[in-house]
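All remarks here apply to the structure that follows.
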């Protein structure tokens, strides 16, 4: 008789067991706090199942010579049990806009619906409070409300999560990151504090302080031209060596020289683009994916673009890049407001996939009705950027 007994009480990590067996074979499962997650056929009478929790498995080795067990332990916290690493961070991530009402108040209900809509796409992860998420518009109390709503929408789903925690000083960045971690968020995006430029010693100390405060939380540097510092590849080399939970970057630039240096100096980090127009060219030389603002405008198109890139079908991928570029060039309203969330939210409302409206928080003002009509006229020429149900309704 063989048995395997698992418990999470002492180690603080949750045991996850994947089992493949023939249903006709005798397998006894004695649960403590156990959940059967998946049960589906492999072939014929063979089945596979995922269990997690405190449990004991018992089986006769001679009767079940083909039993396969894959055991791992994962962090036992709230929210999703997946962990982000330098190795598994990849793909298309949806940057969910923060929903505001016309009067500027946070619209929890719409935000939750939109996060769920994004989770239902065949994507790798969801995140919030980047630029489109208007991180700068949320004080800490509202930030906590937003994180709570985000967790409600993602909890129990096998999808990776990140929250933007950028602020203007180290203490408040850590405060936000710690709160996100206690709620089960797997990673945080952070730009450097931006009122004054930081010297190289201060940059390193900022990431070390954040890493020391949240050593089990994946850190992603939101490298934006809006920062006072534009870190280069050699600076990232030092950060990658000294900050073990720095797992990647969000590169918000089309500067090829800087991109090349970044990838060559730190190939072990997961570097993402923040603009789908450059995804194919970036993946040719090492990008792992996109923190996408277009995934909820044209989900099928963006996923097809990524799939072509993974398969190294560059002609097809570049053709889609050109289509995205043609769309943004035609949407001059978007280009005039591309420096902040105004343009992204206008496109989101016009496309119709999410329920979020174009309302932003002051001092940034949403586009007016005339500009919005112009934008919807452009979308008619690019039907792949309009949600099908909205196209049918129009």
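Site pair residue 108 and residue 158 shows an inter-label distance of 3.0 nm when each label is modelled 7 Å from Cα along Cα→Cβ.
With no solvent and one equal point scatterer placed on each C-alpha of the range 91-333, evaluate the Debye formula and give log10 I(q)/I(0) for q = 0.10 Å⁻¹, two decimals. So the normalised log intensities are -0.46. Assuming R0 = 45 Å, what is the FRET efficiency of residue 87 and residue 373, from their Cβ-Cβ distance, to the nearest 0.05? Here the calculated transfer efficiency is 0.45. With a cut-off of 12 Å, note down the residues of the range 342-370 whose backbone N falls inside the zone around a label point 7 Å from the Cα of residue 142 toward its beta carbon. Within reach of a label on residue 142, which here means backbone N under 12 Å from a point 7 Å along Cα→Cβ, the range 342-370 contributes 360-364. Calculate the length of the line joining the C-alpha centroid of the range 262-316 to that of the range 358-378, in whole Å. Taking the Cα centre of the range 358-378 as reference, the centre of the range 262-316 is 28 Å away. Remark: spin-label model distance residue 212-residue 312 equals 4.5 nm, labels positioned 7 Å along the Cα→Cβ axis.
Extension gain, residue 200 to residue 254, is 17.1 nm, computed as 0.36 nm per intervening residue step minus the present C-alpha separation. For residue 101 and residue 329, the difference between the fully extended length at 0.36 nm per residue and the C-alpha to C-alpha distance is 79.2 nm.
If you wrap the tightest convex hull around every Cα atom of the range 157-290 and split its volume per residue, you get 104 Å³. In this rough spin-label picture, where each label sits 7 Å from Cα along the Cβ direction, the residue 362-residue 268 distance is 5.0 nm. Based on the Cβ-Cβ distance of residue 300 and residue 182, what FRET efficiency does E = 1/(1 + (r/R0)^6) give at R0 = 35 Å, to the nearest 0.05? Given R0 = 35 Å and the Cβ-Cβ separation, E is 0.45.
The numbers here are math on the coordinates, done by the rules we state, and not lab data. These figures come from a predicted structure and were not determined experimentally. Note that each Cβ is placed from the backbone with ideal geometry, even for glycine, and that neighbours are counted across all protein chains shown.
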